Amino acid sequence: MQGKYLFEYAVIRLVPRVEREEFLNIGVILFCSAQKFLDMNFMLNEERIRSFSSDTDLIEIYNNLQAYKCICAGSKDGGAIGQLIIAERFRWLTATRSTVLQSSKVHPGFCRDAAETLERLYNQLVI
């Protein structure tokens, strides 16, 4: 498997009413240690979200997802979590939560290019 790198990913889910356990896939986060890669893609399809839950605060959700992006980047705007090492940031972002934003279980795979793999998974699982 020369030239292939282990990666881990999780699907980011919007769970507007946690007690109902219903969700929409809205993003993917991918970590590849060998390539020092941690990033995510997300999309908030307002029409789809409103048909699922009319009272979801899309601005708050967007702001939280932007905070996730800052944490992925290791930016100071990511706060204390954004300053952790890359693997710890990924583990924090994908930890089990009972909130409006949740992630799936973490899944492994092998890739040549983490950014391309993120885009492919995003297109398969979100769009």
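The values are calculated or read from the model by the stated rules, or taken from the named source; none is laboratory data. From a predicted model like this one, the values you see are computed outputs, not experimental measurements. Note that each Cβ is placed from the backbone with ideal geometry, even for glycine, and that neighbours are counted across all protein chains shown. For the accessible areas, the whole protein counts, side chains as well, though only heavy atoms, and no ligand, DNA or RNA atoms are used. Shrake-Rupley method; radii C 1.70, N 1.55, O 1.52, S 1.80 Å.
Observations on the model:
- Unique match (being touching a strand residue (DSSP E or B) at 6+ places or on another chain (Cβ under 9 Å), part of a loop (DSSP other than H, G, I, E, B) and open to solvent by less than 60 Å² (accessible area, probe 1.4 Å)) among L44, L30, L38: L44
Matching residues to (1) of a type outside the set (V, I, T); (2) open to solvent by less than 60 Å² (accessible area, probe 1.4 Å):
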residue: C70; (1), (2): yes, yes
residue: G74; (1), (2): yes, yes
residue: G78; (1), (2): yes, yes
residue: I85; (1), (2): no, no
residue: R89; (1), (2): yes, yes
residue: K105; (1), (2): yes, no
residue: A115; (1), (2): yes, yes
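- L44 touching an Asp or Glu at 6+ places or on another chain (Cβ under 7 Å), closer than 21 Å to V15 by Cα and not charged (D, E, K, R): no
- Residue satisfying all of: in the range 1-27; closer than 16 Å to V100 by Cβ and assigned to a loop (DSSP other than H, G, I, E, B); most open to solvent (accessible area, probe 1.4 Å) among these: E21
- Among the conditions (1) touching a Cys at 6+ places or on another chain (Cβ under 6 Å); (2) of a type outside the set (F, W, Y); (3) closer than 19 Å to L14 by Cβ, the only one that I127 does not satisfy is (1).
- Residue within the range 82-102 that is under 18 Å from N25 (Cβ atoms) and part of a strand (DSSP E or B) present: yes
- Hey, F90 modelled with pLDDT of 95 or more and not polar (S, T, N, Q) or not: yes
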